[in-house]
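The values are calculated or read from the model by the stated rules, or taken from the named source; none is laboratory data. Since the structure is predicted, the reported quantities are computational estimates derived from the model, not experimental observations. Every residue, glycine among them, receives a Cβ derived from its backbone with ideal geometry; neighbour counts consider all protein chains shown. Just so you know, the surface numbers come from the protein's heavy atoms only, side chains and all, with ligands and any DNA or RNA stripped out. Shrake-Rupley method; radii C 1.70, N 1.55, O 1.52, S 1.80 Å.
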Amino acid sequence: MKSLDGAAAVVDHGGSLGRARALFPHAPQPFVDLSTGINPHSYPFFELPATALSRLPEAARVRDLADVAASAYGAPSAASVVAAPGTQILLPRIASLASPGKALVFGPTYAEHQRAAAIAGHAVTEIDDFDALAGADLAIVVNPNNPDGRIVERKKLLALAERLRARGGLLVVDEAFMDVGPLGESLAGDVEQGGIVVLRSFGKFFGLAGLRLGFALADALTVERLEAQFGPWAVAGPALEYGIRALADSGWQAEMRRRLARDAARLDALFGRFGVAVAGGTTLFRYIRLADAAGLFSVLGERGILLRHFSGRPEVLRAGLPGEGEEWQRLESALADWSQQRHCDAKELNQ
């Protein structure tokens, strides 16, 4: 159990090549960045209309995006959708929907939820007891969980939401990785009941994180409250165009889910060849628990392969998917070096 009161420090995340260069100054470049859960096979680029950059976004185009997002995510209607420049900016705003009180985060999980709830004035605790969430003013669940891929069943979440709603509480479910999760466990279709906010990320599954686009799904009154905080033109023109096209492209999404499943199985097999068992995750990232996690992180980092290592959980690593063939080859070579080094170290100890 971890508590966090007052303003929280900025959290270190994966994906920082500047930090990677500082840690591993002699590593070969470019880095193979496996420290994020972002799809390495991004949605195809296309030529944007000039007005996407030269004019302020039209309200009608924002409504088009809300319509497409509601359909893609299974929300009740466009009135249940708030589009934002990434889900990150939504976190403290959503936490502020509940009056400052006790916030409980079902962990261990993505650390930004604790920070955002503290910014909103809550006394925050990360807990590992799901049933205890019912005593919160603000309860936060990441589903599928980051970094271990844990799934909480929809029926359990709905029962929790009902208990919270009866006492004026709020349930926030971060479904950033639900595009590759069991879609039947999503709460997107249940938000009109009230007391539930669902977060959906665009950039992770579509591999366009730099576009900065995300969504909150909620009842119409909550949507109005969130939209009022953003005002007009919250989402940039290019993000609107990519969101509308990609979210409507069900064929690309279905094929990408199949491709990611194949890649995740391939990655599991590659780690397994060198004695690294994968303990969980999603098809966008794999979760590893290893006594020598720090050693594996360092050896791969020195060879230009960046994994996600968690300072508070030194035995845990998260590995995203390599992209093209060269990245797979570099990872295999680095794992072979690590395995050989371990073998030599063990041999010396036994002599």
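With N denoting the number of residues in segment 52-113, provide Rg(C-alpha) divided by 2.2 N^0.38 Å, to two decimal places.
Rounded to two decimals, the normalised Rg is 1.46.
The relative contact order of the chain, computed from alpha carbon pairs under 8 Å that lie at least 6 residues apart in sequence, is 23 percent. Diagonalising the gyration tensor over the Cα atoms of segment 196-309 and scaling each eigenvalue by 5 before taking the square root yields semi-axes of 36, 18, 14 Å, largest first.
Along segment 281-291 the Karplus relation, 6.51 cos²θ - 1.76 cosθ + 1.60 evaluated at θ = phi - 60°, assigns HN-Hα couplings of x, 10, 7, 9, 7, 10, 10, 10, 10, 8, 4 Hz to successive residues, with x for each Gly and Pro. The Cα atoms of segment 98-168 give a gyration tensor whose axes a ≥ b ≥ c have a/c of 1.5 or more with a/b no greater than b/c, which makes the shape oblate.
Pull out the extension gain between residue 23 and residue 257, defined as 0.36 nm times the separation in residues minus the alpha carbon to alpha carbon distance; nm, one decimal. Walk me through the numbers before you get to the answer.
On the way: separation 234, 0.36 × 234 = 84.24 nm, distance 3.36 nm.
Between residue 23 and residue 257, full extension yields an extra 80.9 nm.
Relative to a virtual label point 7 Å from the Cα of residue 54 in the Cα→beta-carbon direction, which members of segment 225-255 show backbone nitrogen distances below 17 Å? The answer is 237-238, whose backbone nitrogens lie closer than 17 Å to the label point. Under the convention that each Lys and Arg Cβ holds +1 and each Asp and Glu Cβ holds -1, the size of the dipole of the chain around its Cα centre is about 140 debye. The distance linking segment 89-159 with segment 309-341 is 30 Å (Cα centroid to Cα centroid, whole angstrom). Rounded to the nearest whole Hz, the Karplus-based 3J(HN,Hα) values (6.51 cos²θ - 1.76 cosθ + 1.60, θ = phi - 60°) of segment 321-331 follow the sequence 8, x, x, 8, x, 4, 5, 4, 5, 5, 5, with x at glycine and proline.
Solvent-accessible area per residue in segment 44-166 equals 43 Å², computed with a 1.4 angstrom probe and all protein chains kept. Derived scalar couplings between HN and Hα for segment 213-226 equal 8, x, 9, 10, 10, 7, 5, 4, 5, 5, 4, 4, 5, 5 Hz in order, rounded to whole Hz, by the Karplus curve 6.51 cos²θ - 1.76 cosθ + 1.60 (θ = phi - 60°), x for Gly and Pro. Peptides 254-264, 194-204 ranked from most to least packed by the mean count of surrounding Cβ atoms within 10 Å: 194-204, 254-264.
Once Lys and Arg get +1 and Asp and Glu get -1 on their Cβ, which of 296, 329, 181 lies farthest toward the positive end of the dipole of the chain? Farthest towards the positive end: 296. Computing the accessible area with a 1.4 Å probe over protein heavy atoms, can you report the carbon and sulfur percentage for the chain? Its accessible area is 51 percent carbon and sulfur atoms. Candidate values (1) 21.7, 64; (2) 21.0, 74; (3) 20.1, 61 were compared with Rg and Dmax of the Cα atoms in Å computed on the shown model; the agreeing label is (2).
From most to least packed by mean Cβ count within 10 Å, the peptides 281-290, 43-52, 137-146, 100-109 give 137-146, 281-290, 100-109, 43-52.
With the highest mean first, a sort of the peptides 149-161, 236-248 on other beta-carbon atoms found within 10 angstrom per residue produces 236-248, 149-161.
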